[in-house]
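The values are calculated or read from the model by the stated rules, or taken from the named source; none is laboratory data. Since this is a predicted model, take the numbers as computed values, not measurements. Cβ atoms come from the backbone with ideal geometry, glycine included; neighbour counts cover every protein chain shown. Surface areas here come from the heavy atoms of the whole protein model, side chains and all, with no ligands, DNA or RNA. Shrake-Rupley method; radii C 1.70, N 1.55, O 1.52, S 1.80 Å.
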Amino acid sequence: MKTLVYDIKELNNDSLKKIDEVAMILRNGGVVAFPTETVYGLGADALNHKAVSKIFKAKGRPSDNPLIVHISDIEQCYSLTNSFTETIKKLAERFWPGPLTIIVPKSNIVPDITTGGLDTVAIRMPDHPVALELIRRSGCPVAAPSANLSGRPSPTKGEHVMEDMFGKIDAIIKSGDCKVGIESTILDLTEDAPSILRPGILTPEELSNAIGQVVKIDPAINNVVDDNFVPKAPGMKYAHYAPNAEMIIFQGERDRVIKEIERIKEEREKKGDRVGVILYNDQSYLEAAHELFAKLREFDKQN
Ligand code: TXA
Ligand code: MG
């Protein structure tokens, strides 16, 4: 398949023309990769069953894993859900455009394929000028998972998308590095108590403050090996962010963590393995989020 590649760093007359071309592809049922502030997305017209099915095919994604619907204007929510609440309004005012996805009851216009057969829909307004302009000009809400092959680390640079998607989709917009670097926080608003289904850069405290209500964390997130907890976001049950190499996470008291990393590193290197170590200061979580996926892909490249 022929993939058109566009390099768009900023909005100007020339780049707006290119965005118009890509928007036309979306409107005609094509699949295109585009930048957002979190990670790159793989978009198609969220209301077009056939277009959305091409996303699942390009990614190799299980069909029970629903997609996030991206909007450029809050009014688009009114047609995607029939229950637009005061809470949604507060969250939108405070965090959109931005790295927050909300789960709400879906309206009839949203096809089952987009929501993986669920009667709820995930909605987000990305904070990226190219994404917003693309959605606006396409005239449709845009269903978009992260633009990686299913299971691989999410793409945070144009080259990552080229690696995974070139030749598989209609167009790719490259636009430098994603600012945030990890996916949006997913907040479920369909139960009495709002709860986080996927952690992201926005914290439960920030969300609580905005809506004046306690925000819980889905217990399945911290019990991934316990079969009694089934995550409510279907995507959380599949292996994801997985580099080709084996990955070990060390957690605990600083000095013991350092010792243990050194011990394992030595042990592995003696066996002839190559070992890469990713370290951040305790406080540098923004930097860590920004770089993590890119580091994982870099290590794979270095074997
Ligand atoms: O930052 C992001 O959210 C990126 C950019 C492209 O916007 N998108 C993204 O999409 O991470 P994806 O498809 O990689 O992850 C979507 C997650 C999956 O875990 C999926 O199961 C969950 O959202 N999800 C989608 N719709 C849902 C629903 N109705 N109920 C529960 N979980 C849902
Ligand atoms: Mg993903």
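Peptides 79-92, 128-141, 18-31, 270-283 ranked from most to least packed by the mean count of surrounding Cβ atoms within 10 Å: 128-141, 18-31, 79-92, 270-283.
State, as an integer percentage, the relative contact order of the chain based on alpha-carbon contacts under 8 Å between residues 6 or more apart.
22
Rolling a 1.4 angstrom probe over region 1-80 with all protein chains present gives an accessible area of which 52% lies on carbon and sulfur atoms. With the charge dipole of the chain set up from +1 on Lys and Arg Cβ and -1 on Asp and Glu Cβ about the Cα centre, the Cα lying farthest toward the positive end among the listed residues ALA92, ILE172, GLY151 is that of ILE172. Between region 86-128 and region 273-303, the C-alpha centres lie 31 angstrom from each other.
What FRET efficiency would be calculated for the residue pair PHE84, ASP20, taking the C-beta separation as r and a Förster radius of 25 Å, to the nearest 0.05? Once the sixth-power term is evaluated, E becomes 0.25.
Taking every DSSP beta bridge with both residues inside region 39-181, roughly what % is antiparallel (nearest 5)? Display every interim value, and only then the final one.
On the way: 9 of 12 bridges.
Rounded to the nearest five, the antiparallel share is 75 percent.
Largest GNM mean-square fluctuation across ALA143, ALA58, ALA210, computed for the chain with C-alpha springs under 10 Å, falls on ALA210.
Quick check: the angle from helix 13-27's long axis to the longest principal axis of the chain, C-alpha only, nearest 10 degrees? Rounded to the nearest ten degrees, it is 80.
Modelled this way, with points 7 Å down the Cα-to-C-beta line, the labels at GLU10 and TYR280 are 2.9 nm from one another. Label-to-label distance, ASP64 versus LEU149, with points set 7 angstrom from Cα along the beta-carbon direction: 2.4 nm. With both residues required to sit in the chain, DSSP beta bridges show an antiparallel share near 50%. Placing dummy labels 7 Å off each Cα toward the beta-carbon, the span from ASP300 to SER107 is 3.8 nm. Helix 86-95: angle to the longest alpha-carbon principal axis of the chain, degrees 0 to 90, nearest 10? Computed tilt is about 60 degrees.
Peptides 114-121, 35-42, 2-9, 182-189, ordered by how many other C-beta atoms sit within 10 Å of their residues on average, highest first, read 35-42, 182-189, 114-121, 2-9. Remark: the chain carries 51 Å² of accessible area per residue (probe radius 1.4 Å; ligands, DNA and RNA excluded). Based on Cα contacts under 8 Å between residues 6+ apart, region 17-66 shows a relative contact order of 25 percent. Solvent-accessible surface (1.4 Å probe) assigned to MET162 amounts to roughly 50 Å².
Once the Cα-Cα distance is subtracted from the 0.36 nm per residue extended length, the HIS240 to GLU159 segment shows a gain of 27.2 nm.
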